[in-house]
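Engineer: Here it is, the structure in full.
The values are calculated or read from the model by the stated rules, or taken from the named source; none is laboratory data. Remember, predicted model here, so these are calculated numbers, not experimental data. Using ideal geometry, Cβ is built from the backbone for each residue, glycine included, and neighbour counts are taken over all protein chains shown. Accessible surface is based on the protein model in full, side chains and every heavy atom, while ligands, DNA and RNA are left aside. Shrake-Rupley method; radii C 1.70, N 1.55, O 1.52, S 1.80 Å.
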Amino acid sequence: MENESEFPEQYEKLLKKIEALEKALGLHEVDDIIKEKIGVKQEISEDTITEDDLQIKVINEIVISPKAYLKLAKHALTYANENIPKKDWVEIIGLLTGGIKQEDTPLEQIFVEDYWPVDQGDAVSVEIVDQQIFTEIFHKKNDEHFIIGWAHSHPSYTPFLSDDDFGTHLRYQTFWNKSIAIVLDPLMISPKSFGVGVFRIHKDKESYYELSSEVDGLSSEAGYESINLFMKNKYETDS
Ligand SMILES: [Zn+2]
């Protein structure tokens with residue numbers, strides 16, 4: 001008989017940890033910020049698209065939802081920001097869920113629907129041991145998407161894949177060869193930059209490349225403003 005407790009213990013623990021972190025970090029608050037600051041995205045009907053629109057339309061390979069981006073940024077900034085002494089800054093890590101559109105066409109796009117915090121500290125890692133079980137766990141959380149990769153932070157040392165990151169990501173790509181790694185430098189977030197790099201390893205497994213990305217319907221100015229809002233709330237409440 002199938003039931004919830006049939007997941008191996010380590011996955012139950014992971015799920016509990018994610019739930020506890022989401023609560024402790026107040027990650028649900030990003031929904032309010034999105035409603036207030038970003039508003040409901042207007043659906044554009046095809047009739048309103050002009051030829052000019054089509055000419056300037058750039059297809060980015062990765063589309064990150066504002067929710068996923070703000071949750072990741074909030075997790076990262078909680079553990080590394082200008083109000084904390086630099087020596088105490090630590091990395092954070094989490095999982096990404098989402099999906100893929102127009103697969104294997106020139107218009108292929110991976111969409112990152114959500115970010116799930118897993119850990120923070122000096123030696124953070126999250127290994128996918130069994131893609132199937134991970135995916136089932138997220139179905140249990142009423143998320144119809146699958147694990148499309150992972151994200152972690154590089155406080156003040158820019159987004160890239162270190163040798164350790166490369167090794168970790170290689171394992172993600174053995175489960176799904178299109179898996180992505182998002183690296184965020186929370187100190188790089190500015191009105192001009194989301195502070196993220198999105199990476200994937202080449203087929204030869206020798207090197208990696210950066211994918212083009214955007215945050216869906218969000219400008220870097222609006223992203224920066226939203227992030228400032230919750231940083232302000234955090235440090236005004238704490239002091
Ligand atoms: Zn790293």
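Engineer: Along region 215-226, what does the Karplus equation 6.51 cos²θ - 1.76 cosθ + 1.60 (θ = phi - 60°) give for ³J(HN,Hα), rounded to whole Hz, x for Gly and Pro?
Structural biologist: These are the phi-based 3J(HN,Hα) values: 9, 4, x, 10, 7, 5, 5, 5, x, 4, 5, 5 Hz.
Engineer: Filter the cross-link list LYS67/LYS178; LYS87/LYS178; LYS16/LYS232; LYS178/LYS232; LYS87/LYS205; LYS16/LYS87 down to pairs whose alpha-carbon distance in this structure exceeds 31 Å. Walk me through the intermediate numbers first.
Structural biologist: Working: LYS67/LYS178 22 Å; LYS87/LYS178 35 Å; LYS16/LYS232 29 Å; LYS178/LYS232 37 Å; LYS87/LYS205 34 Å; LYS16/LYS87 29 Å.
Beyond 31 Å between Cα atoms: LYS87/LYS178; LYS178/LYS232; LYS87/LYS205.
Engineer: Next question. Which order do peptides 200-206, 94-100 fall in by mean Cβ count within 10 Å, highest first?
Structural biologist: Numbers: 200-206: 12.0, 94-100: 21.4.
Ranking the peptides 200-206, 94-100 by packing returns 94-100, 200-206.
Engineer: Could you give the distance between the Cα centres of region 61-77 and region 162-192, to the whole Å?
Structural biologist: One Cα centre to the other: 13 Å.
Engineer: What is the sum of charges, Lys and Arg at +1 and Asp and Glu at -1, for the other residues whose Cβ falls under 12 Å from the Cβ of SER179?
Structural biologist: +3
Engineer: Taking a probe of 1.4 Å, how large is the accessible area per residue of region 81-123, in Å²?
Structural biologist: Numbers: 2200 Å² over 43 residues.
It amounts to 51 Å² per residue over region 81-123.
Engineer: For a protection proxy built on the mean count of beta-carbon atoms within 10 angstrom, sort 16-26, 181-191 highest first, please.
Structural biologist: Packing proxy ranking, top to bottom: 181-191, 16-26.
Engineer: By average Cβ neighbour count within 10 Å, what is the ranking of 108-116, 62-70 from highest down?
Structural biologist: Top of the packing list down: 62-70, 108-116.
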